[in-house]
Amino acid sequence: MSQTLLPRLVATILLLVAWQAMALSGLLFRDVVPPLQAIASGVGGVLGDSGFYANLAITGFELAVALVLGGAGGLIAGLALGGSRFLSQALERWLNYLGPTPKIILFPVLIMMFGVGAGSKMAMGAVSCFFPIAISVAAGVRGVDPKLLQVGRSLRAGRLQMLTKIYLPAMLAPLVNGARLGFGVALIGVLLAETKLSNQGVGFLIMQAYQRFDMPRMYGLLLVTVAFAAAVNIATDRLAIRLRGSRVRANK
Amino acid sequence: MTDAALLSVSRVTKRYGPRNGGLTAVDDMSFAVERGEFVSVIGPSGCGKSTLFHIIGGLTQATEGRVSVEGEAITGPHPAIGMVFQEESCFPWRNVIDNVAFPLELAGQGRASRHATAQGFIDLVGLRGFEQRHPSELSGGMRQRVCIARTLAARPRLLLMDEPFASLDEQTRMLLGDKVLQIQQQLHQTTLLITHSITEAVQLSDRVIVMSYRPGRLKRTLAINLPRPRTADILVSPEFGTYVAELWNDLRQEATRGLAEAEG
Ligand SMILES: Nc1ncnc2c1ncn2[C@@H]1O[C@H](COP(=O)(O)OP(=O)(O)OP(=O)(O)O)[C@@H](O)[C@H]1O
Ligand SMILES: [Mg+2]
């Protein structure tokens, strides 16, 4: 940890100095690269704004619903694809084609289906995270050690027991990985949808700041959003390490 | 039906289809295992031992013939049969006691009672004190003992093992052989052991079944009339040497043929 600290610190300081030099040089259009103190006050303004928290709550809620729906869908689809040769041969090609397609092109359809409110944002997030989760769960199912499955079969485990006592614990790594990828793209999906057509949410606030050309506030919002995403990523990482660690660590 | 053999294998043949190489792995094998007996099946690598193991365990369908336990035909995994696989098969995310208690957990037994039962089998295989360890913290021999304890915890009437010590070093194998003898003497566990080690087969068995190489046929059955309880001492007795020499004689031709074919 401490070994990476110094290079990181140096890189951060260099970046900040370069930014500040750019801002003060006046080379770029005024305020596109606002000086650091303006951004700092932008962040302060965002954090001191009660309206921001209300919008953050809305985005967070949309994101949570998207993750639950898309995650459950992705898990079920992944288990089905991983468990059935037929389904995998019939459908997995499509999953792999559609996976990297930008889901925003579906937004008009989702608006027609779910309206202009929170529904279409949740749907965007859900559709976005469905794919990486389904793909990594399907791969995870196929990666389960066949010997362990034979143990389950020879002990006559039922279908549900095979799932909960062998498949899922054996797939911990791909499950966590799918969840992390899913979280990232769901956040993108929800925010993107909010910037396109919305009157609430963090994505909407960012576009509003942009349209008013309030660059410090816009950067403030961006920074807070990035910090939020990073915090969630770190938390899932920690959780994954804890889960993995609990296998190795004995209760001494 | 009480007189019926515990396990009866009659005229079992397994052919893999042309898509899988068009090979007859097991050819018309018949034998029986009586209650309380320890029988080994020995044969060169690739002669169809694992195939036979999977058929008896109900994990693979025989092409022809019939396997029955206590007179009941096997169509799938049967509760009377407990399998120990050739490769290590502990659940890496479970500690030793939860690995061993796994069959009891499947049966819906409560935590306290299944742990109590599991503890008995952990003691039996000599792993007391390692209950909370995870497989990654154990040696290969210890992990294989966990697998044996897990299979025994299901209380099978027939213990079916496929080269459980194949991946272990010589000394560990010998020690585990002793362990198996001890388990057999304590539990009177009917056992069918698949192996390619002649000394292991003679040391442990009441009877040794020799398989030929391609097709995998029953070549001969040899009764091992060494006194029980057996100890490591029998390894140096002259009778032991005679049995080993006799089996080696049978196997040498098969193994040579297998080697020649493998080298093409
Ligand atoms: N699923 C399968 N499809 C096609 N051929 C197979 C299959 N499984 C095994 N075989 C072939 O059947 C033969 C017997 O294999 P098996 O695994 O039963 O041998 P074995 O006696 O257990 O060998 P070893 O001592 O190396 O474990 C081998 O030639 C193998 O290639
Ligand atoms: Mg084998």
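Exactly one condition in (1) closer than 26 Å to residue B:168 by Cα; (2) of a type outside the set (Val, Ile, Thr); (3) surrounded by fewer than 17 Cβ atoms within 10 Å (Cβ to Cβ) is not met by residue B:52; state its number. All conditions are met except number (3). Of the residues contained in the stretch A:117-140, none is found to be among the hydroxyl-bearing types (Ser, Thr, Tyr), in a helix (DSSP H, G or I) and without any contact (Cβ under 8 Å) to a residue 40 or more places away in the chain. Remark: pairs (first residue in the stretch B:33-47, within 12 Å of residue B:217 (Cα to Cα); second residue modelled with pLDDT of 95 or more and away from ligand 1 (no atom under 16 Å from the Cβ); Cβ separation under 6 Å; 6+ apart in sequence or on different chains) are absent. Within the option set A:156, A:180, being assigned to a loop (DSSP other than H, G, I, E, B) and out of contact with any Lys or Arg (no Cβ under 7 Å at 6 or more places or on another chain) holds for one residue only, A:156. Among the residues of the stretch B:71-89, write down those that are in contact with a strand residue (DSSP E or B) (Cβ under 7 Å, 6 or more places away or on another chain), under 15 Å from residue A:147 (Cβ atoms) and either open to solvent by 60 Å² or more (accessible area, probe 1.4 Å) or more than 8 Å from every other protein chain (Cβ to nearest Cβ) (or both). Those that are in contact with a strand residue (DSSP E or B) (Cβ under 7 Å, 6 or more places away or on another chain), under 15 Å from residue A:147 (Cβ atoms) and either open to solvent by 60 Å² or more (accessible area, probe 1.4 Å) or more than 8 Å from every other protein chain (Cβ to nearest Cβ) (or both): B:84, B:86.
Restricting the first member to the stretch B:180-201 and to residues that are in a loop (DSSP other than H, G, I, E, B), and the second to residues that are modelled with pLDDT of 90 or more and charged (D, E, K, R), the beta-carbon pairs closer than 8 Å and six or more apart or on different chains are B:196/B:49; B:196/B:163. Taking residue B:129, is it at positive phi and either open to solvent by 20 Å² or more (accessible area, probe 1.4 Å) or not aliphatic (A, V, I, L, M) (or both)? When the stated conditions are applied, residue B:129 passes them.
Go through the stretch A:8-34 and report how many residues are part of a loop (DSSP other than H, G, I, E, B) and either among the aromatic types (Phe, Trp, Tyr) or modelled with pLDDT of 85 or more (or both). Show your work before the answer.
Narrowing the stretch A:8-34 to residues part of a loop (DSSP other than H, G, I, E, B): A:26-34.
Subsequent filtering for residues that are either among the aromatic types (Phe, Trp, Tyr) or modelled with pLDDT of 85 or more (or both) retains A:29.
Here the count works out to 1.
For the stretch B:38-54, a tally of residues being in contact with a strand residue (DSSP E or B) (Cβ under 6 Å, 6 or more places away or on another chain) and either more than 8 Å from ligand 1 (Cβ to nearest atom) or away from chain A (no Cβ under 14 Å) (or both) returns 10.
What are the residues in the stretch B:50-65 that are in a loop (DSSP other than H, G, I, E, B) and within 16 Å of ligand 2 (Cβ to nearest atom), if any? Break it down into steps so the answer makes sense when it comes.
Within the stretch B:50-65, the subset in a loop (DSSP other than H, G, I, E, B) is B:57-63.
Of everything in the stretch B:50-65, those that are in a loop (DSSP other than H, G, I, E, B) and within 16 Å of ligand 2 (Cβ to nearest atom) turn out to be B:57, B:59, B:60.
Of everything in the stretch A:199-213 that's without any contact (Cβ under 8 Å) to a residue 60 or more places away in the chain and open to solvent by 20 Å² or more (accessible area, probe 1.4 Å), which residue is nearest to residue A:116 (Cα to Cα)? For the stretch A:199-213, the residue satisfying everything is A:199.
Filtering B:40, B:68, B:30 for residues that are open to solvent by less than 60 Å² (accessible area, probe 1.4 Å), under 15 Å from residue B:193 (Cβ atoms), among the polar types (S, T, N, Q) and part of a strand (DSSP E or B) leaves a single hit, B:40.
The values are calculated or read from the model by the stated rules, or taken from the named source; none is laboratory data. On a predicted model such as this, the values are computed, not experimentally measured, just so you know. A quick note on method: Cβ atoms are made from the backbone with ideal geometry, for glycine too, and the neighbour counts reach across all protein chains shown. Side chains are part of the model used for accessible areas, which takes the heavy atoms of the whole protein and leaves out ligands, DNA and RNA. Shrake-Rupley method; radii C 1.70, N 1.55, O 1.52, S 1.80 Å.
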